[in-house]
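Okay, so here's the structure we're looking at.
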Amino acid sequence: MTTPPEAPGAALGIDFGERRIGVALSDPERRLAVPWGVVERTSDRQAIGELAALARAEGAALLVAGEPRGLDGEAGAAARRARGFAERLARAARLPLVVLDEALTSAEAARRLAEAGVAVRAQRGRVDAVAAQILLQEALDRGLAAAPAPAGPAGGAEAGAARTGSEEP
């Protein structure tokens, strides 16, 4: 999906892993992503159930998931596995899905935590949540997860102009 969904609400970002799934949430206006934590994965069914319940509880209107492509941009087995999981989660949670390349997000998350003074031993679950935050914030910054602008009192003219994409960066 390349265009933002029209439903307002927070975005839920996930960094899929076979053991742990990093989770991040955005504010309802989809401007800022924050790490939420991790879901310990014992099975796809269990993880999808927990994440779908979290999405409902947080009022999520969009799912953003990482796809670990190789440095050459190719989608290997891990990318197909992550995408398949994300697609099943999106169906279960009834959310639109945005998939982004997550190459090096975990390495970037570990670097940020180390710079913040977090001991390597304490980073385990935090790396996954921060990786999800990095991924979700990238989607927000690129406009891939933009929330629809509310209609203004003058019929929403400003809101429509803000979403045209015709402005120069």
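Values as computed for the structure displayed
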item	result
Taking E40, E29 and counting other C-beta atoms within 10 Å, the order from fewest to most	E40, E29
Packing-based exposure ordering (other Cβ within 10 Å, fewest first) of L97, L140	L97, L140
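Here, each number is a calculation from the coordinates, and none is a lab measurement. Everything quoted here is computed from the prediction, not taken from an experiment. Please note: Cβ atoms are built from the backbone with ideal geometry, for glycine as well, and neighbour counts cover all protein chains shown.
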